[in-house]
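The values are calculated or read from the model by the stated rules, or taken from the named source; none is laboratory data. These numbers come from a predicted model, not from an experiment. Every residue, glycine as well, gets a Cβ built from its backbone with ideal geometry; the counts of neighbours run over all protein chains shown. We work out accessible area using only protein heavy atoms, side chains counted, and drop any ligands, DNA or RNA first. Shrake-Rupley method; radii C 1.70, N 1.55, O 1.52, S 1.80 Å.
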Amino acid sequence: AGSDLYFTHDGTDSYIQNSTGNLYISNDGDDKDVILRCDDGSGGLTAYLTLDGSSTRIKVDKDMEFQDSVYAKFGTSDDFKIHHSGSHSYIQASGTGNLYIEQNTADKDIKLRCDDGSGGTTDYILLDGSDGYSKAYKHIKFMDSVQLMVGTSADAIFYHDGSNTWLDHSGTGNFHIRNQKDDQDLI
């Protein structure tokens, strides 16, 4: 009655324009979908986004490109965000709870990789799911006064304070340094 919804074509482009309230696009067919399609780059049509009524999920069928400083946000209160600032990339957990990076595939790993200093990439830290170890493939540098703590209660501490190197034992029991090779000396 108020000409609130327009379907127009200006000779070049087509428009659906709503000027009051929400605009709903619904499909009431049981187990049917709403599919947004567009040119596939070679003259045909392909689905880009599908609201899948039978599996009750949204399927993204093509790459989704977020422009610089545009966030992909997750959680009711935007608790988790991923974005690129134009200079740097960020993964941010700013809501409640912990941030988990989890690998649930049996005997597979989590790899922390970075530039290898010559234009390629290499593993720096590996959480090895088949061996059950955390492995370091590059040197780990502890800055002055940063402590390497071992034991549940930090019973052994090793660090350099900028002037001196310290190996402290504060836990229960004895402090042992030993060589388990019978034919070699401890030097």
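Observations, loosely collected:
- Test: residue in the range 80-99 that is of a type in the set (D, E, K, R) and farther than 30 Å from His169 by Cα: yes
- Verdict on Thr20 being closer than 30 Å to Gly95 by Cα and either open to solvent by less than 100 Å² (accessible area, probe 1.4 Å) or in a strand (DSSP E or B) (or both): no
- Those residues of the range 22-58 which are over 28 Å from Asp4 (Cα atoms) and hydrophobic (A, V, I, L, M, F, W, C), in sequence order: Leu45, Ala47, Ile58
- Unique match (being open to solvent by 90 Å² or more (accessible area, probe 1.4 Å), closer than 30 Å to Lys138 by Cβ, within 20 Å of the chain's Cα centre (by Cα) and without any contact (Cβ under 8 Å) to a residue 60 or more places away in the chain) among His88, His84: His88
- Residue match in the range 53-62 (condition: among the charged types (D, E, K, R), in contact (Cβ under 8 Å) with a residue 12 or more places away in the chain and part of a loop (DSSP other than H, G, I, E, B)): yes
- Checking each residue in the range 4-17 for being open to solvent by less than 70 Å² (accessible area, probe 1.4 Å) and among the polar types (S, T, N, Q) picks out only Thr8.
- When the range 40-73 is filtered for residues that are open to solvent by 60 Å² or more (accessible area, probe 1.4 Å), touching a strand residue (DSSP E or B) at 6+ places or on another chain (Cβ under 7 Å) and closer than 30 Å to His88 by Cα, the ones remaining, listed by number, are Tyr48, Ile58, Lys59, Val60, Asp61, Lys62, Phe66, Asp68, Ser69, Val70, Tyr71, Lys73.
- Members of the range 137-187 that are closer than 30 Å to Asp115 by Cα, free of Cβ contacts under 8 Å to residues at least 12 places away in the same chain and open to solvent by 90 Å² or more (accessible area, probe 1.4 Å): His139, Ile140, Lys141, Met143, Met149, Phe158
- Residue, least open to solvent (accessible area, probe 1.4 Å), within the range 108-136, restricted to residues that are among the hydroxyl-bearing types (Ser, Thr, Tyr) and within 23 Å of Ser89 (Cα to Cα): Thr122
- Test for Ile91: is it assigned to a strand (DSSP E or B), under 29 Å from Leu5 (Cβ atoms) and of a type in the set (A, V, I, L, M, F, W, C): no
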